[in-house]
1. Out of curiosity, is A:Gly207 closer than 30 Å to B:Phe3 by Cβ and more than 9 Å from chain B (Cβ to nearest Cβ)?
2. Residues in the range A:249-269: is at least one crowded, with 24+ Cβ neighbours inside 10 Å, out of contact with any Asp or Glu (no Cβ under 8 Å at 6 or more places or on another chain), within 18 Å of A:Glu143 (Cβ to Cβ) and of a type outside the set (Phe, Trp, Tyr)?
3. Just to be sure I understand the filter: pairs with C-beta atoms under 7 Å, separated by 6 or more residues or on different chains, first member in the range B:140-156 and in a helix (DSSP H, G or I), second member surrounded by 11 or more Cβ atoms within 10 Å (Cβ to Cβ) and among the β-branched types (Val, Ile, Thr). Which pairs pass?
4. Out of all the residues in the range A:183-196, which are within 7 Å of chain B (Cβ to nearest Cβ) and among the aliphatic types (A, V, I, L, M)?
5. Is it true that B:Leu75 is within 21 Å of the chain's Cα centre (by Cα), in a helix (DSSP H, G or I) and either aliphatic (A, V, I, L, M) or surrounded by fewer than 20 Cβ atoms within 10 Å (Cβ to Cβ) (or both)?
6. Mind listing just one residue for me: the one in the range B:240-286 that is assigned to a helix (DSSP H, G or I) and of a type in the set (Val, Ile, Thr) and, of those, farthest from B:Leu28 (Cα to Cα)?
7. With the condition kept exactly as written, say whether any residue in the range B:212-219 is within 14 Å of another protein chain (Cβ to nearest Cβ), crowded, with 23+ Cβ neighbours inside 10 Å and not in a loop (DSSP other than H, G, I, E, B).
8. Counting only residues that are within 14 Å of chain A (Cβ to nearest Cβ), in contact (Cβ under 8 Å) with a residue 60 or more places away in the chain and small (Gly, Ala, Ser), how many does the range B:232-273 have?
Amino acid sequence: MSFMKSILGGAAALALGAGAALADPAIIFDLGGKFDKSFNEAAFTGAQRWADETGGSFREIELQNEAQREQALRRFAEAGSNPIVMAGFAFADALGKVAPDYPDTKFAVIDVNWLSMPNVRGIGFNEHEGSYLVGMMAAQASESGVVGFVGGMDIPLIRRFGCGYAQGVKAVNPNATVIANMTGTTPAAWNDPVKGSELTKAQISQGADVVFAAAGGTGVGVLQTAADEGILSIGVDSNQNYLHSGKVLTSMLKRVDIAVYEAFTAGNNLETGNFMGAVGFAMDEHNASLVTADMQAKVEAAEAAIAGGSLSVHNYTDDETCPAVSF
Amino acid sequence: MDFLILIQVLDSTLRLATPLLLVCLAGLFSERAGIFDIGLEGKILAAAFVSAAVAYTTGSVWVGLLAGIGASVMLSAIHGLASITLKGDQIISGVAINFLAAGLTVVVAQAWFGQGGRTPPLQSGGRFEPINFPGAIPSKEMADVGPVMQLYSELLSGHSLLVYVALLTVPLSWFVLYQTRFGLRLRAVGENPAAVDTAGISVVGMRYAAVIICGVLCGIAGAYIATALQASFTKDMSAGRGFIALAALIFAKWRPWYALGACLLFGFFFAIDNRFQNILLPAWSLSGVLLLTAFGLAGYVWRKDLLDKIVLGGLGLGVAFVSVLIVASAWSAGLSTQIKIPVVFIQSLPYILTVVVLAGFVGKAIPPRSGGVPYVKEK
């Protein structure tokens, strides 16, 4: 009997141990959906890369509404997924509530770097710096001296994009005009390409000839209209140059894919704390004809200066003000 | 204001009002026949997806348009089946159609194209291109020509065919509803179906005809969004336009010409919000407008009963108070200080106006008497 017991106990322990070792990571995409050709898609790319390289599998869910945030988090945590990665700043509150309940589960959240919990890894991005670089690119490509910015939902994070962009523009051409518009104040602002188009047309009629879209699915409309009307656009988060080859000047990259890939690779050994992810701008065959070597060299010099600390870009969320543009 | 800017805003108004107008008229036909339709939003979305998907697959925008209309009519038929034949709750059926369309479009798009619930971008031929009138000049040269030419080239010319179709739908709807026997019967079915039945006309047939017309118009609106304004379908791209059209329908008191006015007005607000975002006004004019509103309210409630006096009088006092606050805060800096009207206020104006109309300030908005009630024959 006791022999039987120990065998059973051993088997149970083994099963539990195996369960823990085999725990699949999970990822939760935000309301834009995982194929938004932008932020969420970048997260998906990173997760997929991990799956392709390791042969592992991961669980995923695309949120349909705000109420599902906490629910989805708890479900994955209960099911033993580890680590659980969340794509989006909007998870901060839900995670703050859920994380203490599952001390053995590691969480990684992208675009949030202000939580300090023992089992949470926050990954922020210096969006203002990436935007600064594409802003320099925009100012160099613009002939009219007027460039546009279309934001999605009007939140401090998106203003940070706009502010960095405007600073980059002014750094190249101090007399340039930056027209900054926001799509809306509700989450529907991420999925309204028609309004994105109208904002772009309004900016074109005010003289803009390069438009930077930081607006999720709404940006699809911005890029489309820019291509239709024969002006240049700048994509965001993922490399969007291929959407309209030869008409998208560049894309501001937030390496969300790298952040997700690293979190998945680390697995249960995920280092917690707050970190900064990589930003940059996209160069490929689709925009090679639009960017001259001189333009690229200038922007790369600025990139190096930012990395080296000799150039600092004002961050909107530090003090809620922007020296280069008003919203 | 620069004349060209005004023209550009009106141009944008026309583009933004077109889907609203089509959907508003769609709702008008349905509701005038006594079938409330919350599912307009879902029908636009379904039509947008199917038209974009079929236009991409076949390479012909016309086949896409027909397919979009077909999808929308099919949802209309479901709504008809639930609310006319099976005598179910029209609101619930409409809400179900919205959910069905929101989910199904993305799932089918993912299974069909594998691009995550969107359709591949349409090439020319798969899209409704803008129609340029003879002699119209491109917008880049617009600043150098006279106002008449600007009006002609920017505002009248350069829209896709469906914009003109939508504008023509207004007199057509008016004619059908008010000048034909069919229209009289359709309106009668929404007011007093028993009387229509007594006259030997099929209530069920009339109501089905109305929801099918509603489906066709929503289909055109969806195709306009996905294949004329945009070049692909993206998730939830109707962005609440079906609901705004419902608001416009109430604002228009269920009349075709008023619907044109309401949709153009709503489109105008959206265009203003797109073009100007935060509007700066001198303090004195803002305060003046608010004071006038307060006086208007006071005058309106003068002869009303006590409850109206308390509620609306209180509202008027509040508005007057805000006006005084603005003057007081701007006093030290002078009365021509620029005060920012937030973009959110402009965006919410259509809804505020609808509430104003519903509250009975501008005449009365009376819905069709038998709206929302399934017709049951007396046995």
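1. Details: closer than 30 Å to B:Phe3 by Cβ: yes; more than 9 Å from chain B (Cβ to nearest Cβ): yes.
Answer is yes for this residue.
2. Yes.
3. Within 7 Å, the pairs are B:Met149/B:Ile137; B:Gln150/B:Ile7; B:Leu151/B:Ile7; B:Ser153/B:Ile137; B:Glu154/B:Ile7; B:Leu155/B:Ile7.
4. A:Ala188, A:Val194, listed by residue number.
5. Working: within 21 Å of the chain's Cα centre (by Cα): yes; in a helix (DSSP H, G or I): yes; either aliphatic (A, V, I, L, M) or surrounded by fewer than 20 Cβ atoms within 10 Å (Cβ to Cβ) (or both): yes.
Yes, satisfied.
6. Taking the range B:240-286 as the starting set, the residues that turn out to be assigned to a helix (DSSP H, G or I) are B:241-251, B:256-276, B:283-286.
Remaining after also requiring of a type in the set (Val, Ile, Thr): B:244, B:250, B:272.
Numbers: B:Ile244: 13, B:Ile250: 9, B:Ile272: 26 Å.
So the residue we want is B:Ile272.
7. So in the range B:212-219, the residues within 14 Å of another protein chain (Cβ to nearest Cβ) come out as none.
Checking the range B:212-219: not a single residue is within 14 Å of another protein chain (Cβ to nearest Cβ), crowded, with 23+ Cβ neighbours inside 10 Å and not in a loop (DSSP other than H, G, I, E, B).
8. Our first condition is that a residue be within 14 Å of chain A (Cβ to nearest Cβ); within the range B:232-273, this holds for B:232-245, B:266-273.
Keeping just the survivors that are in contact (Cβ under 8 Å) with a residue 60 or more places away in the chain gives B:232-238, B:240-245, B:266-273.
Narrowing the set further to residues that are small (Gly, Ala, Ser) leaves B:232, B:238, B:240, B:242, B:245, B:267, B:271.
Selection size over the range B:232-273: 7.
The values are calculated or read from the model by the stated rules, or taken from the named source; none is laboratory data. Everything numeric here is computed off the predicted structure, so don't read it as measured data. Please note: Cβ atoms are built from the backbone with ideal geometry, for glycine as well, and neighbour counts cover all protein chains shown.
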